[in-house]
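First comes the structure, then the notes that go with it.
The values are calculated or read from the model by the stated rules, or taken from the named source; none is laboratory data. Here the structure is a predicted model, which is why all the values come from computation and not from measurement. Glycine also receives a Cβ, built like all others from the backbone with ideal geometry; neighbour counts cover every protein chain displayed.
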Amino acid sequence: MKKQDNVLRVFEGFAGYGGGSFALRKLKQKHKNFNYKVVAFSEIDKYAIDLFNANHKDENGNLIKNYPDITKANPNEKDFPDFDLFTGGFPCQPFSTAGMQKGVNDPYGRGTLFEHIMRICEVKKPKYILLENVKGLLSKKFDETRKKMCDMLRNMGYVANKDDPNESPLAMAVLNSKDYGIPQNRERVWMFARLGGLPKDFSMTPPQRKNNLKLGDFLDPPDKVPKNLYLSDKQIEHLKEKHNIKSFIVDKPLCFDVYNKKIKTDGYSITLTMPEHNSIRIIEAHKDKEVVRKMSVTEQFRLMGLEGLNDIDRNVDIDFNGQSYTQLSKRAGNGWDVNLVTILLEFIFSQLKNSDDRFSDF
């Protein structure tokens, strides 16, 4: 690695729409002396790449280098950039209850992509690694997977003492978006490693930042909702009959959980997912009429931390690049909650500021 300067160089793996990049941008707005540079990213999906490119450029306004297939990325290439932080929400389907739960035996090879992260990091030796996955990764079924992950990191030097089996190279925590100001029940496991080992008493659980905002605060104004998202009276009646719902008349906007056949009365959304697993319907509040619809794209991205709540036109802080409802919904369901990542990175950096002057402003 090159001699450290004041810039945190970042490689954003499995980038999607660039949740890590959006979070770093927010941190820079708040901490003026914090300097970072996304030197490369990895994303294989064509639509995700286009969305990333529309929203993230280098300091000269040029596209950031993409290594689309991480299994073929060669960190020994002359022009492969050095980096200080690897971020990545490596594919969660092998560990998700919505998937086949095959883990490292996933037939599509997604469960082994962690090994390619390690392959790259073994050469580049970034100071920090931040990873994310679904809560299912922590289940007993994947004990061996987590042990393998920790063994790899230990052998690569992400501990203070390789011979100490009690020292874990990987700090982990399950965090829920609804505990940090976004009304979405979205639990994810977050993992962090530092070359040379984690500081004593290091924590991955920032203090909660609850507020009084509920789902209704994140919805579009009625005149902004595309008409094609609304269910017809006939579709609503079918939904009631199929799921044994007496009425969709509510006094505040709520979420209907199609999968579990119930109206969520707590004012939170269920977890946003890929469209093929989407079981969210919005119930609008009307005194004498049942109004049910799909969630709009802007609403989905507000619930992913790009809320734009202070914008008078209720725009979200992302360029949609003219993409379709289905493609954008895929990106949202697969993405990082930018609000939560911002809070988490700020919390992590504040614990590292005494050992790394890049974080002195935290």
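For the reader, a short list of remarks on this structure follows.
- Hey, Val174 surrounded by fewer than 17 Cβ atoms within 10 Å (Cβ to Cβ) and either of a type in the set (Val, Ile, Thr) or not in a loop (DSSP other than H, G, I, E, B) (or both) or not: yes
- Within region 49-62, being free of Cβ contacts under 8 Å to residues at least 60 places away in the same chain and over 14 Å from Glu12 (Cα atoms) holds for Glu59, Asn60, Gly61, Asn62.
- Of the residues making up region 1-52, those that are surrounded by fewer than 20 Cβ atoms within 10 Å (Cβ to Cβ), of a type in the set (D, E, K, R) and either part of a loop (DSSP other than H, G, I, E, B) or in contact with a Cys (Cβ under 6 Å, 6 or more places away or on another chain) (or both) are Lys2, Lys3, Asp5, Lys32, Asp45.
- Which listed residue, of Ile245, Ile249, is in a loop (DSSP other than H, G, I, E, B), exposed (fewer than 15 other Cβ atoms within 10 Å of the Cβ) and among the β-branched types (Val, Ile, Thr): Ile249
- Single unsatisfied condition, Thr342 versus (1) in a helix (DSSP H, G or I); (2) among the polar types (S, T, N, Q); (3) farther than 19 Å from Phe22 by Cα; (4) not assigned by TED's automatic domain parsing to the domain that holds Pro222: (3)
- Unique residue being within 27 Å of Val134 (Cβ to Cβ) and buried (at least 16 other Cβ atoms within 10 Å of the Cβ) when the list is Ser269, Ser350: Ser269
Yes/no per residue for (1) in contact with a Leu (Cβ under 8 Å, 6 or more places away or on another chain); (2) part of a strand (DSSP E or B); (3) crowded, with 17+ Cβ neighbours inside 10 Å; (4) at pLDDT 85 or above:
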site	(1), (2), (3), (4)
Lys78	no, no, no, yes
Asp82	no, no, no, yes
Phe86	yes, yes, yes, yes
Pro91	yes, no, yes, no
Met100	no, no, no, no
Ile129	yes, yes, yes, yes
